[in-house]
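Engineer: Can you read through this structure? Questions will come right after.
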Amino acid sequence: MPIVSAVIYTRPEDTDNVAFRLGADSRLTVSPPCHDRFALVADTRTRAEDKALWRAVQDLENVLRIEVVMAHFEDLHQEVS
């Protein structure tokens, strides 16, 4: 399972709305917003699902920038070996 944590940046007036929309996805854990940003953790089943999820987050209206903090793919690497 890919587990990726990131900080999502928005305009201050959009932060609550974006965090609320992303929090509706059961694969995401969203922190309380702080001014123009909030943290989230994504827990997906496959690398393909992870890629699609992050593309969707990136394309979400009012998301200005995503900074990845940590990405854990170790268990996927072990499956391939």
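Read-outs throughout are calculated quantities, based only on the coordinates presented, and are distinct from any laboratory measurement. Keep in mind that this is a model prediction, so the values were computed, not measured. A quick note on method: Cβ atoms are made from the backbone with ideal geometry, for glycine too, and the neighbour counts reach across all protein chains shown.
Engineer: If I ask for residues that are over 9 Å from the mean Cα position of the chain (by Cα), more than 16 Å from residue 2 (Cα to Cα), not charged (D, E, K, R) and not in a helix (DSSP H, G or I), which ones from the stretch 20-67 would you list?
Structural biologist: Passing the criteria: 24, 31, 32, 33, 34, 35, 38, 60, 62, 63, 64.
Engineer: Test residue 65 against the stated conditions and say whether it is in contact with a strand residue (DSSP E or B) (Cβ under 9 Å, 6 or more places away or on another chain) and not hydrophobic (A, V, I, L, M, F, W, C).
Structural biologist: yes
Engineer: Looking only at residues that are of a type in the set (Ser, Thr, Tyr) and closer than 16 Å to residue 72 by Cα in the stretch 6-59, which one is surrounded by the fewest Cβ atoms within 10 Å (Cβ to Cβ)?
Structural biologist: Per the stated criteria, the residue is 46.
Engineer: Within the stretch 1-19, track down each residue that is within 18 Å of residue 58 (Cβ to Cβ) and either assigned to a helix (DSSP H, G or I) or more than 14 Å from the chain's Cα centre (by Cα) (or both).
Structural biologist: Once the filter is applied, which keeps residues that are within 18 Å of residue 58 (Cβ to Cβ) and either assigned to a helix (DSSP H, G or I) or more than 14 Å from the chain's Cα centre (by Cα) (or both), the stretch 1-19 yields 11, 14, 15, 17, 18, 19.
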